[in-house]
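The values are calculated or read from the model by the stated rules, or taken from the named source; none is laboratory data. Values in this document were obtained by computation on a predicted structure and should not be read as measured data. Cβ atoms come from the backbone with ideal geometry, glycine included; neighbour counts cover every protein chain shown. For the accessible areas, the whole protein counts, side chains as well, though only heavy atoms, and no ligand, DNA or RNA atoms are used. Shrake-Rupley method; radii C 1.70, N 1.55, O 1.52, S 1.80 Å.
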Amino acid sequence: MNSFIREFKKHSFLLQYLIAKDFKVKYRRSVLGMAWSVLNPLFMMIIVSAVFSVVIRVDIGAYSYPMYVILGQTMFTFLSDATTSSMQSILSASALIKKVYIPKYIFPLEKVGFAFVNFFVSMVAVVLVGCFEGVGISWHLLLTPLLFVLFAFFCLGIGLALSALSVFFRDTLHIHSIILTAWMYLTPIFYNLDSLVALKNGNAVWWKALLIRVFEYNPMYQYINAFRNMVLFHCAPTLTEIGLCLGYAVLTLIIGILIFKKSQDKFILYI
């Protein structure tokens, strides 16, 4: 552990440089620059809110539906950006890896770090929507940094595993896109669980209970639901929700580290 900490400190400047470089590349020749990190979630929220609150009519009671959407949307965008960019990080840095020694975990870690910073910038859009919708604030907002850290570890675990797998199996790039799309629709971002089944017969009630149980053990549901509880519903997550969020983060990170560590010495043969 001490050797890892010393090595990480030694290369921390590279991590900062790569994150800054990604920002410059992403917003190069863009008139609005980083403002797009705020405008993108705002525009998506407006479009989704118009469709699901007017046309399909998703009902979340007295709470703000635009706020409901943007909270789920920003967290899923973080997951998508972090895992997609991490997955390609080793392949993209192949020229550098072949020339000099750099701890290979720096590259997926940098991609998650960049997505994390971008996620915080997008929180400006969340604040703007919250003010416009009159959501208000409560002490539960103090719990959000802990949730964000757990969620970042969750994304990092997935990113480490995908970055290693994509080196040996290039089909991972395509499979991830399909899984991510399915995951988005299986996560209550634009709808709530109460709107899943409208039928009232006995079988429908049983299937709805089963379906809700499956949704509740979706990791993204737990993270997004905890975020909404703190920001929109002004309540603290239950001990079960906290335990699941912590468990998913720790388990995913351990698996990601094990997969990456076991395969990193062979990267040079395949990149």
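Below is a table of values for the structure above.
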{"quantity": "Any hit, the stretch 135-144, residues being modelled with pLDDT of 90 or more, of a type in the set (A, V, I, L, M, F, W, C) and open to solvent by less than 10 Å² (accessible area, probe 1.4 Å)", "calculated": "no"}
{"quantity": "Pair list, Cβ < 7 Å and 6+ apart or interchain, from the stretch 205-218 residues that are closer than 15 Å to residue 192 by Cβ and surrounded by 11 or more Cβ atoms within 10 Å (Cβ to Cβ) to residues that are hydroxyl-bearing (Ser, Thr, Tyr) and modelled with pLDDT of 75 or more", "calculated": "215/221; 218/187"}
{"quantity": "Count - residues of the stretch 130-161 that are assigned to a helix (DSSP H, G or I) and more than 22 Å from residue 222 (Cα to Cα)", "calculated": "3"}
{"quantity": "Residue under evaluation residue 153, criteria (1) closer than 28 Å to residue 14 by Cβ; (2) open to solvent by less than 50 Å² (accessible area, probe 1.4 Å), criterion not met", "calculated": "(2)"}
{"quantity": "Criterion (crowded, with 16+ Cβ neighbours inside 10 Å and either outside any helix (DSSP H, G or I) or touching a residue at least 60 places away in the same chain (Cβ under 8 Å) (or both)) met by exactly one of 115, 125", "calculated": "125"}
{"quantity": "Which numbered condition residue 102 misses (of (1) in a helix (DSSP H, G or I); (2) loosely packed, with under 15 Cβ neighbours inside 10 Å)", "calculated": "(1)"}
{"quantity": "Selection within the stretch 80-95 - in a helix (DSSP H, G or I), open to solvent by 20 Å² or more (accessible area, probe 1.4 Å) and either over 15 Å from residue 265 (Cα atoms) or β-branched (Val, Ile, Thr) (or both)", "calculated": "80, 81, 84, 85, 92, 95"}
{"quantity": "Residue match in the stretch 220-235 (condition: modelled with pLDDT under 90, open to solvent by less than 50 Å² (accessible area, probe 1.4 Å) and in a helix (DSSP H, G or I))", "calculated": "no"}
{"quantity": "Number of the condition not met by residue 62 [criteria: (1) out of contact with any helix residue (DSSP H, G or I) (no Cβ under 7 Å at 6 or more places or on another chain); (2) among the small types (Gly, Ala, Ser); (3) free of Cβ contacts under 8 Å to residues at least 60 places away in the same chain; (4) within 27 Å of residue 16 (Cβ to Cβ)]", "calculated": "(4)"}
{"quantity": "The listed residue being within 30 Å of residue 193 (Cα to Cα), open to solvent by 20 Å² or more (accessible area, probe 1.4 Å) and at pLDDT 75 or above, out of 56, 47, 60, 19", "calculated": "47"}
